[in-house]
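Please read the structure below before turning to the comments.
The values are calculated or read from the model by the stated rules, or taken from the named source; none is laboratory data. Keep in mind the model is a prediction, meaning the values are calculated, not measured. Virtual Cβ from ideal backbone geometry, glycine too; neighbours counted across all protein chains shown.
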Amino acid sequence: MTAPVLASTRAELAVLLADARRAGKPVGFVPTMGALHDGHASLMRVARERVALPDGDRGPVVVSIFVNPMQFSSGEDLDRYPRTLDADVEICAAEGVDIVFAPSVEEMYPHGVPAADREPDGVTVVPAPALADVLEGAVRPGHFRGVLTVVAKLFGLVQPDVAVFGQKDYQQLALIRRMAGDLCMGVEVIGAETQRDADGLALSSRNRYLSADERATALSLSAALRAAIAAGPDGVQPALDAAHAVLAEESGVDLDYLVITRPDLGRLTDDFQGEGRILVAARVGTTRLIDNLPIQIGASTGAAGGDTTKGDN
Ligand code: PAF
């Protein structure tokens, strides 16, 4: 197990990547906010596979660890967000990551951190398309502008060939994929399957905030998704009803949204048939959790895939 090289400035990162670029090797990238867990480790494994070369060599895998203040609005948990750099670097080492980029806020935002929820004053940001205003964006105004801005900066610094994101943040994945395509960033955006504990809870850095009782309550989110999937052949409304019935059994779940959409998050009609996506967000105690899965609505065509979608440019 070789420890990754740590870079905290743009200049250090550029030096570390120069050899790989000169040799024409592909660069794999996993952007994170740290507090890494097995879900992140699986993204690193996907990135490693994707930079493998036919001769057995491979290109470097870069993991960034940066708690991006621009994607938190005031009142959100920026200060409370866990910062666990030493443990994170150990996980990166175990997954054969080559470079960990852990910049300061000043390094990433030398002109100051723009507010995500109002028009920026003299600093360039990435405006998010309308897809950013629904679901997570509806309860976290400006959040995706902050996400897209930092990811665009990170893509500019790392210039990856492939970047891997988790499907757990499904709307984020869709928006990053859209940005990479719309702005011709030349990076393949890959969505990797959500990793779960054996009892179904989707892995999340925020799970560590849950007490034992809250964790037991939180299991109802994935249980609700599974109930909806089981009822999916009967249609959209029966699927939603089945999920609501599971959530109603838990008094500790403060539901934000439970929706079925098209796989691209577009709206569907009540008589929709085919593959959709079911997404849930809820507060359990003070912790906000999200989860989602593919769902087949109506008669199966055999086309409903697993929990993996690949990105395009
Ligand atoms: O998913 C995350 O951890 C963050 O939103 C990301 C993509 C690293 C941007 O800060």
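Table for the structure above
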item: Residues that are closer than 29 Å to D254 by Cα and either modelled with pLDDT under 95 or of a type in the set (K, R) (or both), drawn from the stretch 273-313; result: R277, R283, T286, T287, R288, G306, D307, T308
item: Tally of residues being surrounded by fewer than 24 Cβ atoms within 10 Å (Cβ to Cβ), more than 14 Å from the ligand (Cβ to nearest atom) and under 23 Å from F155 (Cβ atoms) across the stretch 55-75; result: 1
item: Residue satisfying condition, being farther than 12 Å from L293 by Cα, touching a strand residue (DSSP E or B) at 6+ places or on another chain (Cβ under 7 Å) and among the charged types (D, E, K, R), within set R208, R215, R177; result: R177
item: Number of positions in the stretch 51-67 that are of a type outside the set (G, A, S) and part of a loop (DSSP other than H, G, I, E, B); result: 8
item: Residue in the stretch 81-91 that is under 15 Å from L154 (Cβ atoms) and either within 16 Å of the ligand (Cβ to nearest atom) or in contact with a Phe, Trp or Tyr (Cβ under 6 Å, 6 or more places away or on another chain) (or both) present; result: no
item: Single match in V139, V51, V61, V89 (criterion: under 28 Å from R267 (Cβ atoms) and either of a type in the set (V, I, T) or in contact with a Lys or Arg (Cβ under 6 Å, 6 or more places away or on another chain) (or both)); result: V139
item: Matching residues in the stretch 115-151 - criterion: being closer than 25 Å to V62 by Cα and within 13 Å of the ligand (Cβ to nearest atom); result: V126, H143, F144, R145, G146, V147, L148, T149, V150, V151
item: Check on A3, more than 14 Å from the ligand (Cβ to nearest atom), under 21 Å from the mean Cα position of the chain (by Cα), farther than 26 Å from R177 by Cβ and among the hydrophobic types (A, V, I, L, M, F, W, C); result: no
item: Filtered residues of the stretch 68-86 (kept if in a helix (DSSP H, G or I) and among the aliphatic types (A, V, I, L, M)); result: M70, L85
item: Restricting the stretch 96-114 to residues that are touching a residue at least 24 places away in the same chain (Cβ under 8 Å) and more than 16 Å from the ligand (Cβ to nearest atom), the residue that is surrounded by the fewest Cβ atoms within 10 Å (Cβ to Cβ); result: G96
item: Pair list, Cβ under 8 Å, 6 or more apart: the stretch 50-66 residue over 17 Å from F165 (Cα atoms), other residue modelled with pLDDT of 95 or more and exposed (fewer than 13 other Cβ atoms within 10 Å of the Cβ); result: G59/L53
item: Top-ranked residue in the stretch 158-176 [being among the aliphatic types (A, V, I, L, M) and within 13 Å of the ligand (Cβ to nearest atom); ranked as farthest from L203 (Cα to Cα)]; result: V158
item: Within the stretch 74-96, tally of residues that are on the phi < 0 side of the Ramachandran plot and among the small types (G, A, S); result: 4
item: Test: residue in the stretch 87-100 that is at pLDDT 95 or above and part of a strand (DSSP E or B); result: yes
item: Where R226 falls short, out of the listed (1) within 22 Å of the chain's Cα centre (by Cα); (2) closer than 18 Å to V139 by Cβ; result: (2)
item: Any chance T261 is in contact (Cβ under 8 Å) with a residue 60 or more places away in the chain and not hydrophobic (A, V, I, L, M, F, W, C); result: no
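Table: residues versus (1) over 14 Å from the mean Cα position of the chain (by Cα); (2) of a type in the set (V, I, T); (3) surrounded by 22 or more Cβ atoms within 10 Å (Cβ to Cβ); (4) in a helix (DSSP H, G or I).
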residue	(1), (2), (3), (4)
A128	yes, no, no, no
T149	yes, yes, yes, yes
R177	no, no, yes, yes
G186	yes, no, no, no
